[in-house]
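**Q** The structure follows.
The values are calculated or read from the model by the stated rules, or taken from the named source; none is laboratory data. What you see is a predicted model; the values in this text were computed from it and never measured. In this analysis, Cβ positions are derived from the backbone assuming ideal geometry, glycine residues included, and neighbour counts consider all displayed protein chains. Note: accessible area is taken over every heavy atom of the protein model, side chains too, but ligands, DNA and RNA are not part of it. Shrake-Rupley method; radii C 1.70, N 1.55, O 1.52, S 1.80 Å.
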Amino acid sequence: MKRILLALFTLSLAASAWVNAAETATPAAEQSATKMLVITEGKLKDTEGGCACSYTVKNLQSSPLKRFEAYIFVKNGQGKFRCDAAHFSFNKPIQPNESRTLSNEAYGKSCGTHPSVSLLMVGTCNYTDGSECDTENIETTDSGLKWTE
């Protein structure tokens, strides 16, 4: 009889642990879509060297952003080219709710008339607490640029 009670008790503990693990996994999946960065104030400007791209990144997390690398493409009448903000590792991390303007130039390329911009992917997005973000965690609406999917 003791063996049966011990087996039932062990089984109920295992089932309880499994249910708790399943319940804890749901919020983590929902959290992955949480916006961690906002890209605002995007500007494209033709210069002598090429198409100058700049935009402002605002950190929405409670931890400072220490590294950010994104692949941003500009599409215009002449074609599509990469005009991302290179690979930024910040000596002074972007603090929570702080913004910083990032810029780069696509040498030899013209921004053209009516260009559209796409955020292809985020290569690196690291915070000082060890957390990371990806493309789904970045908001690009109201950036001043015509973003496409």
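**Q** Being crowded, with 16+ Cβ neighbours inside 10 Å, free of Cβ contacts under 8 Å to residues at least 60 places away in the same chain, under 18 Å from the mean Cα position of the chain (by Cα) and at negative phi narrows it down to one of Arg82, Arg67, so name that one.
**A** Values: Arg82 fails: crowded, with 16+ Cβ neighbours inside 10 Å.
Within the list Arg82, Arg67, the selection yields Arg67.
**Q** Just to be sure, is Phe88 of a type in the set (Phe, Trp, Tyr), free of Cβ contacts under 8 Å to residues at least 24 places away in the same chain, touching a Phe, Trp or Tyr at 6+ places or on another chain (Cβ under 7 Å) and under 29 Å from Gly130 (Cβ atoms)?
**A** Yes; evaluated as a whole, the condition is true for this residue.
**Q** Sticking with this one: Quick one: how many residues across region 96-149 are open to solvent by 60 Å² or more (accessible area, probe 1.4 Å), among the acidic types (Asp, Glu) and either modelled with pLDDT under 85 or over 16 Å from the mean Cα position of the chain (by Cα) (or both)?
**A** 2
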